[in-house]
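Beneath this line is the structure, given in structure tokens, with notes to follow.
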Amino acid sequence: MATSPSTPLAFIDLLAQRRRLGDRIDKAVMGAVDAGQWIMGPQVREFEKRLAEFGQAELALSCANGTDALVLPLMAWNVGPGDAVFCPSFTFAATAEVVPWVGATPVFVDVLADTYNMDPADLEAAIQKVKAEGRLTPKVIIAVDLFGQPADYPAISAIAKTHGLKLIADSAQGFGCTLNGQHPIHWADCTTTSFFPAKPLGCYGDGGAVLSNDAGLVELMDSLRVHGKATPRDIEGRAFTHDPKYLNMRVGMNSRLDTIQAAILIEKLDVFAWEIEQRNAIANRYAEQLAGVARTPTVIAGGVSSWAQYTIEVEDRDGLAQKLKAVGVPTAAYYPIPLHQQPAYSEHPLAPSGLPVTVAKASRVISLPMHPDLTPEDQAYITQSVHNAIGQNA
Ligand SMILES: *Cc1c(COP(=O)(O)O)cnc(C)c1O
């Protein structure tokens, strides 16, 4: 019988990581504060270099958050009115939100019942439907590494190639995940991520990044993140005597990563591979301890998840959430309302399937505490509580 924890359980215990890394992060933060280069200080470039290396990309460009990271490539590719962007409905709102920002139309695609990631067959059907209708032009696919595991990139990138579409890997939850040893950038035109504190690689505020092997794309996004400032290519051969920072070549935005956050992320990236290993060990223990009582996650063959969430399926999700709450186990439902059923997104087109898997999953999924500092004792208490709540092995 598992004993109850001495302190309240956290869904994601960021303070435990804070205790583990406290000293080195304090030093890094105070170093950045004392150096006085609070915007675009040297830590920003240093972090971008290390992030690209970690994600097996040639280049990485940081920005203010994971949502901006998604809109930057859309802006750079001039995606706009009349363009269709295909994305899942079973995801966080930011994935689709950036599409109407640029005037384009999101087209929602169903997910696979085992991995919760984009269904390649449903994607193909959605593209065919949009082409047949002739009202929108297919331009971009945004695949999501939901809950941390890689989407089916070999299948999705083959579809993107066939139809001449760009592919974005929204890896806000999955940064660090691999498929057959490759990071998503192996298949995608760019990978985006978020450093929101609760993401697998989080900072102490907001932050994001785009990784790419396309130097031209990164140069354009570098311009867009600072108000469309001139790029080296823009001013090549021009007699321009002022600071090119004040030559605005395109309508951009202000989306920089703070120097302080970059300094924190350098320290966190250093232990990130170890943290992913811890998360995988915890996921394996959950799978063992919950076998037969709930549907535990399936990871795509050849995939390694970074386990942003550990999501199980049960018949009575809300009942389980209540019973667990009563014994001090926090849970969350990701996502209770699919995007295509949200007031803000209900007008947009769907794949011809009508997204039955997405709709069925939304009422069944429940995520359990998951973070690299979850102890075996606390985890045993959590799984025992699930067994008790569902009424087996009580
Ligand atoms: C968190 C998240 C984002 C957005 O990141 P922010 O940094 O919060 O803007 C985008 N996509 C997915 C799938 C996410 O989970």
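Of note:
- Accessible area of ILE156 (1.4 Å probe, protein heavy atoms only, ligands and nucleic acids ignored): about 0 Å².
- Neighbour net charge for ASP23 - beta-carbon separation under 15 angstrom, K R +1, D E -1: +3
- Accessible area of the range 251-371 divided out per residue, in Å², using a probe of 1.4 angstrom: 42 Å²
- Counting DSSP beta bridges with both ends in the chain, the antiparallel % (nearest 5): 55 percent
- For ALA332, the residues 5 or more places off, or on other chains, whose built amide H falls under 5 Å of its own are SER367.
- Theoretical gain in end-to-end length, SER346 to ALA273 [0.36 nm per residue, Cα-Cα removed]: 22.4 nm
- Contact order normalised by residue count of the chain, Cα under 8 Å, 6+ apart, percent: 24 percent
- Karplus (6.51, -1.76, 1.60) ³J(HN,Hα), θ = phi - 60°, over the range 257-265, in Hz, Gly and Pro reported as x: 8, 4, 4, 4, 5, 4, 4, 5, 5
- What a 1.4 Å probe finds exposed on the range 56-111 is 52% carbon and sulfur by accessible area, rounded to a whole percent.
- Positive minus negative residues near ALA94 (Lys, Arg vs Asp, Glu; Cβ under 13 Å): -3
- Normalised by 2.2 N^0.38 Å, where N is the number of residues, the alpha-carbon radius of gyration of the chain equals 1.02.
- In Å², nearest 10: area of ILE337 left accessible to a 1.4 Å probe: 80 Å²
- Amide H contacts of LEU167 (H built 1.01 Å from N, under 5 Å, at least 5 apart or other chain): ILE141, ASP189, CYS190
- Residue-wise HN-Hα coupling along the range 307-318, computed from phi with Karplus coefficients 6.51, -1.76, 1.60 (Hz; x: Gly, Pro): 6, 4, 9, 10, 10, 10, 10, 9, 5, 10, 4, 5
- Three-way shape call for the range 235-292 based on the alpha-carbon gyration tensor, with the a/c threshold at 1.5: prolate
- Working note: Karplus 6.51/-1.76/1.60 with θ = phi - 60° gives the range 366-383 the couplings 8, 9, 9, x, 8, 6, x, 9, 5, 7, x, 5, 5, 5, 4, 5, 5, 5 Hz, where Gly and Pro are set to x.
- Whole-number D in µm² s⁻¹ for the range 1-135, Kirkwood Cα-pair radius fed into Stokes-Einstein, 10 °C, 1.306 mPa s: 82 µm²/s
- Taking a Cβ cut-off of under 10 Å around ALA230, the surrounding Lys, Arg, Asp and Glu residues balance to a net charge of +2, with basic ones at +1 and acidic ones at -1.
The values are calculated or read from the model by the stated rules, or taken from the named source; none is laboratory data. Keep in mind the model is a prediction, meaning the values are calculated, not measured. Here Cβ is always computed from backbone atoms with ideal geometry, including for glycine, and neighbour counts include all displayed protein chains. Each accessible area value is taken on the protein alone, full model and side chains, heavy atoms only, with ligands, DNA and RNA left out. Shrake-Rupley method; radii C 1.70, N 1.55, O 1.52, S 1.80 Å.
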